[in-house]
1. Using each residue's phi in the range 29-41, evaluate 6.51 cos²θ - 1.76 cosθ + 1.60 at θ = phi - 60° and report the 3J(HN,Hα) Karplus result to the nearest Hz, with x for Gly and Pro.
2. Give me, ordered by chain and number, the residues 5 or more places off Ala69 or on other chains with an amide H under 5 Å from its own placed amide H.
3. For Ala89 and Gln42, what is the calculated FRET efficiency with R₀ set at 30 Å and r taken between the beta-carbons, to the nearest 0.05?
4. Given labels modelled 7 Å from the Cα in the Cβ direction, how far is it in nm from Ile72 to Asn57?
5. Amide H of Leu74: which non-local residues (sequence gap of 5 or more, or other chain) have their own amide H closer than 5 Å, using H built in the peptide plane?
6. I need the phi-derived Karplus couplings for the range 77-87: 6.51 cos²θ - 1.76 cosθ + 1.60, θ = phi - 60°, integer Hz, Gly and Pro marked x.
7. Ranked highest first by average number of other Cβ atoms within 10 Å, how do 72-84, 27-39 line up?
Amino acid sequence: MALTIVRRALSQRFPLGLDDVKEHLRQELLPLVRELREAFNQLATGPYDYGTVMSGNGAPLAAPSADRAIYIQLDGGPGTTLWVWEGIAWNPK
């Protein structure tokens with residue numbers, strides 16, 4: 001009984017289907033991640049060069065514009081969600 005009440009409350013606030021969850025994340029979370037990435041990259045000026053933070057679908061292909069970089073793969077699975085630029089190539093973490 002309690003589970004039904006919780007599920008009903010969640011379904012009113014958040015879609016329960018996998019496609020709905022993906023679409024919700026695409027519309028709500030991705031713009032937030034982009035905004036945070038841009039704000040973080042603006043802080044990386046001056047003597048505190050943190051590199052760049054990027055995100056996207058699929059593995060990163062191009063070299064970053066900074067010496068250091070992190071790439072968040074939005075459609076990645078275990079071992080391929082976070083990529084780190086190690087000077088000459090992207091390495092999954």
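1. 7, 4, x, 5, 4, 5, 5, 5, 4, 5, 5, 5, 5
2. When sequence neighbours closer than 5 places are left aside, the close amide H contacts are Thr52, Trp85.
3. Once rounded, the FRET efficiency stands at 0.65.
4. It works out to 1.8 nm between the two label points.
5. Under 5 Å from the amide H of Leu74 lie the amide H atoms of Gly56, Asn57, Gly58, each far enough along the sequence or on another chain.
6. Listing the rounded values in order: x, x, x, 9, 8, 10, 10, 10, 7, 10, x Hz.
7. For the peptides 72-84, 27-39, the packing ranking is 72-84, 27-39.
Readers should treat all values here as calculations from the given coordinates under stated rules, not as data from a laboratory. Keep in mind it's a predicted model, so treat the numbers as computed, not measured. Glycine gets a Cβ as well: all are built from the backbone with ideal geometry, and neighbour counts include every protein chain shown.
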